[in-house]
Amino acid sequence: MPTLLVTGGAGFIGANFVRFWRERHPADGVVVLDALTYAGNPANLDGVDGVELVHGDIRDQALVEKLLAERDADTLVHFAAESHVDRSILGPDAFIDTNVIGTHSLLKAARNVWLDKGSGRPHRFHHISTDEVYGTLGPADPAFHEDTPYAPNSPYSASKAASDHIVRAYHHTYGLQVTTSNCSNNYGPYQFPEKLIPLFLLNALEGRPLPIYGDGMQVRDWLHVEDHCLGISLILESDAAGECFNIGGGAELPNITVIDTLCAAVDDAFAADAGLARRFPQAPAANGKASASLKTYVTDRPGHDRRYAIDERRISARLGYKPGRDFATGLQQTIRWYLDNEGWWRAVQNGSYRAWMERNYTGRQGRIA
Ligand code: NAD
Ligand code: DAU
């Protein structure tokens, strides 16, 4: 029975991946290693059976070696990271520590257990990275492809770029069986409300300003998290060791369009369901106003990348990847998920999930070491 070690599996994309994988491969073992930083939340794995949650740090090489060896893991899927650009501008150190040093520590552990200790077993180290490593595009530039030169602009993207290079070197030098994916902006269930879509949605529900950086004309490609998980699983199931793949959502949009679409969808949801006005009395939509009335232009993010776009021809042609939904549908589903899971985001907002997690998860779903 294959066993996966999933780092950062209590975060947004990692938890969605664990859910995705368990549904499709119920016989596989899944061990999640997560430091449970502010972004890690065991409730993201609520209701998923057969997952062992180990509370630990990817920089703890001995722990990772022990998990790989004792759980007989043959696949490591590496999501753990500091992931928010704004935080990296305020405090870059954690990004170097986790994203660079942490990734190298994992590689050393994997090399030790899978190569040096002579097991020689088939294995895979899949590294999750970002399109931000390629830098920024002008309006008419071709989309990022796998051979676009790296030009990271923020401490976050520079730390991810560094980790990508180290992963590559472990394949080239030591023969570690690695793959890397560089994806665009994810959205969907369980996303921590510091990122654009969940932040603006919850602000619209609670009547807080929607802070638009600069002119709001920055362009991102929006990828539903389940489509991202599909892309990762296609790579894991391929024999593509040593290769990199871009994964996109085929939805390149200026921020202002995303924000206006989200505001209109919130207004429509309130119009269709009178109960929402009772649940969220501070929302403009509960008081005869448009959610867009909360839009507030604020000082731009320092070094803000203007445009990202993904050329995903390699993963489409080689592995048959195709996003399963358009942005309008994915956004509607995401808004519905947040409306239906108010308990999840209230607990995240007030931090109470930590105490609740200790009561509910120790010894049941897994191990809080
Ligand atoms: P997230 O911030 O929601 O989750 C990160 C997880 O990593 C959390 O559970 C956290 O507790 C854990 N973690 C952090 N430091 C750790 C450490 N030292 N040891 C163990 N666990 C640790 O991030 P996300 O949005 O789910 O992103 C996951 C990965 O995908 C990251 O590598 C990120 O760079 C990459 N990525 C994200 C996006 C996006 O749009 N969110 C897009 C492209 C790439
Ligand atoms: O492109 C992939 C990257 O996407 C990932 O590697 C990162 O982990 C992920 O955080 C995301 O980075 P962005 O900086 O693009 O995402 P964020 O949600 O922070 O911002 C999206 C856009 O919205 C960006 O142009 C900045 C803008 N924005 C964001 C926030 C939080 C605002 O205008 N106001 C805001 O309050």
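Please treat every number below as a calculation from the coordinates, not as lab data. All values derive from a computational prediction rather than experimental measurement. For neighbour counting, all protein chains shown are included, and Cβ atoms are generated from backbone atoms with ideal geometry for every residue, glycine included.
Helix 61-70 axis versus longest C-alpha principal axis of the chain: approximately 70°, rounded to the nearest ten.
Once you have a ≥ b ≥ c as the square roots of the Cα gyration tensor eigenvalues for the stretch 1-63, tell me rounded if a/c is under 1.5, and otherwise prolate or oblate according to whether a/b is larger than b/c. Oblate. Remark on L210: its backbone amide H falls under 5 Å from those of K295, T296, a criterion applied only to residues 5 or more positions apart or on other chains, H modelled at 1.01 Å from N. Each peptide among 142-155, 80-93, 97-110 gets the average number of other Cβ atoms lying within 10 Å of its residues, and from highest to lowest they stand as 97-110, 80-93, 142-155. Put simply, the amide H of C183, placed in the peptide plane, has neighbours under 5 Å in S129, T130, D131, I247, leaving out anything fewer than 5 places away on its chain.
Each residue of the stretch 186-192 was assigned a 3J(HN,Hα) from its phi angle through the Karplus expression (A = 6.51, B = -1.76, C = 1.60, θ = phi - 60°), giving 7, 8, x, x, 6, 7, 4 Hz with x at Gly and Pro.
Can you classify the stretch 171-268 as rounded, prolate or oblate using the Cα gyration tensor, where a ≥ b ≥ c are the square roots of its eigenvalues, rounded means a/c under 1.5, and otherwise it's prolate if a/b beats b/c and oblate if not?
prolate
Of interest is the spacing of the C-alpha centroids, which for the stretch 303-317 and the stretch 151-212 amounts to 13 Å. In plain terms, the residue of V298, V266 with the fewest other Cβ atoms within 10 Å comes first and the most crowded comes last, giving V298, V266. With neighbours defined as other Cβ atoms within 10 Å of a residue's Cβ, the residues H78, H165, H123 order from fewest to most as H165, H123, H78. What the phi angles of the stretch 124-133 give under the Karplus curve with 6.51, -1.76 and 1.60, with θ = phi - 60°, is a coupling list of 8, 10, 9, 9, 8, 10, 10, 5, 5, 5 Hz, glycine and proline written as x.
Shape class for the stretch 214-335, computed from the alpha carbon gyration tensor (a ≥ b ≥ c): oblate, with a/c not under 1.5 and a/b at or below b/c.
Here the chain carries DSSP beta bridges of which approximately 5% are antiparallel, counting only pairs with both residues inside.
Rounded to the nearest 10 degrees, the angle from helix 196-206 to the longest Cα principal axis of the chain is 40 degrees.
Report D for the chain in µm² per second (integer): Stokes-Einstein, Kirkwood Rh on Cα pairs, 10 °C, 1.306 mPa s.
75
Across the stretch 1-142, the mean sequence separation of Cα contacts (distance under 8 Å, 6 or more residues apart), normalised by length, yields a relative contact order of 25 percent. Amide H to amide H distances under 5 Å link W222 with G249, A251, E252, L253, where only residues 5 or more positions off or on other chains count and H is placed in the peptide plane. With θ taken as phi - 60° and the Karplus curve 6.51 cos²θ - 1.76 cosθ + 1.60 applied, the whole-hertz 3J(HN,Hα) list for the stretch 87-104 is 5, 5, 6, 6, x, x, 4, 4, 6, 5, 4, 7, 6, 9, 5, x, 5, 5 Hz, x standing for glycine and proline. Cβ-to-Cβ counts within 10 Å put C244, C183, C229 in ascending order as C244, C229, C183, the fewest first. For the stretch 68-104, the residues whose amide N sits under 20 Å from a probe point set 7 Å from the Cα of R168 along the beta carbon direction are 78-79, 96, 99-104. Taking Cα atoms only, the orientation of helix 225-236 departs from the longest principal axis of the chain by about 20 degrees.
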